[in-house]
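The values are calculated or read from the model by the stated rules, or taken from the named source; none is laboratory data. Keep in mind it's a predicted model, so treat the numbers as computed, not measured. All Cβ positions, glycine included, derive from the backbone under ideal geometry; neighbour counts span all protein chains shown. Just the protein is used for accessible areas: all its heavy atoms, side chains included, with ligands, DNA and RNA removed. Shrake-Rupley method; radii C 1.70, N 1.55, O 1.52, S 1.80 Å.
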Amino acid sequence: MPRKPRFYLPDIPYHIVQRGNNRTACFFSPIDFGIYINALTDALQTFHVQLHAFVLMTNHVHLLMTPSDSQGISKVMQSVGRTYVRAINGLYRRTGTLWEGRHKASPINSEEYLLICQRYIELNPVRAGMVGHPSEYRWSSYQANGAGKAIRCQTPHPTYLSLGNSHTERQHAYRELFNCDISSEQLHILRDCLNHNYPMGNERFKSDIEAALNRKLGHLKPGRPWPGKNE
């Protein structure tokens, strides 16, 4: 039975995670990261989706993206998945999928949580003990957001742009954010929302997301709290 298509709200940023099958590796050598980035760049341009933050880990990827229409993110993930798996299977003479089911997707209230989500994404290699600082990890948007290196697939979000009047000011202000830890409460909220595909934001934001989904899909009851919201 074919999967029902997912619906994404245009102009809302989404935190996306896709993991390797059985949490095994999906990148095997440095060249693989480049293949993925090239496939992602092409798909973002084709389907008019903006990428604000990313990190490519050995067995999963985090992406923070804003679509221009309801199907853009789904099309990007499908396109990248097909292109990347085909290339890797040919390169390593393997067969089968690399990915574990459908990706996770959490809509993000940009006013409250966008920069927290970006930092969470770019701190993944630090939490994994791979590097001591996000600037030391090559396959991350910190190279653009914090270090000022041009990355073709990355587009700064307006919330990031509001940090300063110039590239230098924004990068300095962004780097300063990494001097403070993300609180345990914020980490819990972020991970819970992501694991369950819940919106991350205040009650007004959640209600707006729910209302929009009701209008499009009609399967959530008006006024119904998100599953697990009060747990």
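Listed values, structure above:
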read-out	value
Accessible area in the full protein assembly, largest first, 1.4 Å probe, for Lys104, Lys206, Lys216	Lys216, Lys104, Lys206
Residue-count net charge about Gln143 - beta-carbon cut-off 15 Å; Lys, Arg +1, Asp, Glu -1	+4
Point-charge dipole on Cβ atoms (K/R +1, D/E -1) for region 92-187, about Cα centre, debye to 20	660
Rounded to whole Å, sorted largest first: equivalent-ellipsoid semi-axes of the chain, Cα gyration tensor	26, 24, 17
Backbone HN-Hα couplings from phi across region 25-32 [Karplus 6.51/-1.76/1.60, Hz, Gly and Pro as x]	5, 10, 10, 10, 7, x, 5, 5
Cβ-placed point charges (K, R +1; D, E -1), dipole of the chain about Cα centre in debye, nearest 20	1000
Kirkwood hydrodynamic radius over Cα pairs of region 100-179, then Stokes diffusion coefficient at 20 °C and 1.002 mPa s, in µm²/s	159
Under 16 Å from Lys149, Cα to Cα: aspartates and glutamates that are on another chain or at least 8 residues apart	Glu122, Glu136, Glu169
Where a label projected 7 Å from the Cα of Asp11 along Cα→Cβ would reach, residues of region 105-138 with amide N under 19 Å	107-114
FRET efficiency, 1/(1 + (r/R0)^6) with R0 35 Å, evaluated for Asn202 and His167 via beta carbons	0.70
Solvent exposure ordering (accessible area, 1.4 Å, most first) of Glu210, Glu111	Glu111, Glu210
The chain - percent of accessible surface contributed by carbon and sulfur, probe 1.4 Å	50
Heavy-atom accessible area per residue - region 105-155, 1.4 Å, Å²	41
Estimated FRET transfer efficiency when R0 is 45 angstrom, pair Arg215-Thr155 (beta carbons, to 0.05)	0.95
Fully extended contour minus Cα-Cα distance, from Asp42 to Asn59, at 0.36 nm per residue	3.9 nm
Sequence-distant residues sharing a close amide H with Trp99 (under 5 Å, placed H)	Asn21
Protection proxy ranking, peptides 46-54, 197-205, average beta carbon neighbours within 10 Å, highest first	46-54, 197-205
